[in-house]
Amino acid sequence: MNDETAGDAMGAETSDPGAAPVDEIVVVPTELELVTAERDQFKDIALRLQADFENYRKRAVATQADEIDRASGKVAESLLAVLDACEAAFAHGVEGVEPIWSQLMGAMHKQGLEAMDLVEKPFDPAHSEAVLHEPATDETSGPVVSEVLRTGYRWKGKVLRPAMVKVRG
């Protein structure tokens, strides 16, 4: 190789902007930026999918718990007739009913059933149905439950069956 050819080769490497070594230096940062942007985009997508899945999982667990509560509430509601029969038998003095009735009430109470105690409390149509009315004996601020004719029940805090009551006032 002669000096002219060597000089041209050296000059081509340093002065020619379209030469391969210069393009590689310019292209590598551009490709790196594209790859980094693409990685960030995929990372954002993955984070959104993870959050969406976590929200879905929470909704599914809540829906399942609601369905279980609703199904067990229907079982409890179907047993209310048995509780009413035991309560009526106990009120009429039938012997041997009280232990069964209390065991059934105890088991149902552990699962979330509670009898509403409404006597001498203000009448609330969300908790009871007024089937009889009697005049007030004194000046009261509003209607008051004077007698419960059929017990009302709550299931896990929600009214399962409103009570049938006699209201004074």
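The values are calculated or read from the model by the stated rules, or taken from the named source; none is laboratory data. Bear in mind the structure is a predicted one, so any value in this text is a computation, not a measurement. Don't worry about glycine lacking a Cβ; one is built from the backbone with ideal geometry, like all the others, and counts go over all protein chains shown.
What the table shows:
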| item | result |
| --- | --- |
| All strands (runs of 3 or more DSSP E) inside the range 67-169 with 2 or more residues being hydrophobic (A, V, I, L, M, F, W, C) | 113-115, 128-134, 144-150, 158-161, 163-168 |
| One residue from Ala62, Ala76 being outside the structural domain of Pro162 (by TED's automatic domain parsing), surrounded by fewer than 13 Cβ atoms within 10 Å (Cβ to Cβ) and of a type in the set (Gly, Ala, Ser) | Ala62 |
| Total residues in the range 95-150, condition of a type in the set (Gly, Ala, Ser), farther than 20 Å from Ser78 by Cα and either surrounded by 15 or more Cβ atoms within 10 Å (Cβ to Cβ) or touching a residue at least 24 places away in the same chain (Cβ under 8 Å) (or both) | 5 |
| Test: residue in the range 11-19 that is touching a helix residue (DSSP H, G or I) at 6+ places or on another chain (Cβ under 7 Å) and either part of a helix (DSSP H, G or I) or at pLDDT below 55 (or both) | yes |
